[in-house]
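Novice: Got a structure for you, written out below as structure tokens; questions coming shortly.
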Amino acid sequence: MNEEVRVGVGVIILRNNRLLLGERIGSHGAETWAPPGGHLDVGESIESCARREVFEETGLKIGTVKKLGFTNDIFEAEGKHYVTLFVVASCDDGEAEVREPDKCTQWAWCELNDLPQPLFLPLVNLLKDQAIFKETA
């Protein structure tokens, strides 16, 4: 296990009761579905990280960013430990593009009651707390 705990930011973007998810590739969370997000840089605000990561990954520009919750994510197989800070962001127009093809194969607007499987561990952990997630719907 890596001796370092990293901080990730996950961005929940809802549109018409659908959640934007990407199919991950690469070593970390490969072949799982996850919202846009990434590592929080030193000195960066959570909101700035959310805007940067969403734009870098999808080309979308998000509006309002609100705090949602956090998860404690231990990726045993990869020897990684993350705390993921989740935010909810508005994005009323535009379509997500795959801008990092080495990290994501596709983006899709997914029905909340029919999410693709398997999901990325931080999202699984967030969904376990249904009360928090329902606040976004």
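Novice: Report Rg(Cα)/(2.2 N^0.38 Å) for the range 5-134, keeping two decimals.
Specialist: Rg over 2.2 N^0.38 Å, computed on Cα atoms: 0.96.
Novice: With a cut-off of at most 16 other beta carbons within 10 Å, and DSSP calling the residue loop, which GluC sites (Glu not before Pro) in the range 56-108 qualify? Please list them.
Specialist: Answer in residue order: Glu76, Glu78, Glu95, Glu97.
Novice: While we're on this one: Report relative contact order for the range 5-134 in percent, whole number only (criteria: Cα-Cα under 8 Å, sequence separation at least 6). Walk me through the numbers on the way to the answer.
Specialist: On the way: 265 pairs, mean separation 43.9, N = 130.
Worked out over the range 5-134, it gives 34 percent.
Novice: Enumerate by residue number the chymotrypsin sites (Phe, Trp or Tyr not before Pro) in the range 42-137 meeting two conditions: DSSP loop (anything except H, G, I, E, B), and at most 12 other Cβ atoms within 10 Å of the site's Cβ.
Specialist: Working: sites: Phe55, Phe70, Phe75, Tyr82, Phe86, Trp107, Trp109, Phe120, Phe133; in loops: Phe120.
Answer in residue order: no site qualifies.
Novice: Between rounded, prolate and oblate, where does the range 53-128 land on the alpha carbon gyration tensor, with a ≥ b ≥ c its root eigenvalues, rounded for a/c under 1.5, else prolate if a/b exceeds b/c?
Specialist: In terms of gyration-tensor shape, prolate.
Novice: Now a separate question. Taking each pair of distinct Cα atoms in the range 5-80 once, what is the resulting Kirkwood hydrodynamic radius in Å?
Specialist: Roughly 13.5 Å, rounded to one decimal.
Novice: Something else now. Given the DSSP H assignment, sum -39500 (n - 2.57) over each helix run of at least 4 residues in the chain and divide by its residue total; what's the result at 222 nm in deg cm²/dmol, nearest 500?
Specialist: Details: 3 runs with 26 residues, N = 137.
The per-residue figure over the chain is -5500 deg cm²/dmol.
Novice: Enumerate the calculated ³J(HN,Hα) couplings along the range 101-117 in order (Karplus 6.51 cos²θ - 1.76 cosθ + 1.60, θ = phi - 60°), each rounded to whole Hz, writing x wherever the residue is Gly or Pro.
Specialist: After applying 6.51 cos²θ - 1.76 cosθ + 1.60, I find x, 7, 10, 8, 8, 6, 10, 8, 8, 10, 4, 4, 8, 8, 6, x, 10 Hz.
Novice: Counting only residues 5 or more places away or on other chains, whose amide H sits under 5 Å from the amide H of Phe86 once H atoms are built in the peptide plane?
Specialist: Gly10, Leu68, Gly69, Phe70, Thr71
Readers should treat all values here as calculations from the given coordinates under stated rules, not as data from a laboratory. Keep in mind it's a predicted model, so treat the numbers as computed, not measured. Ideal geometry is used to build each Cβ from the backbone, glycine not excepted, and the neighbour counts take in all protein chains shown.
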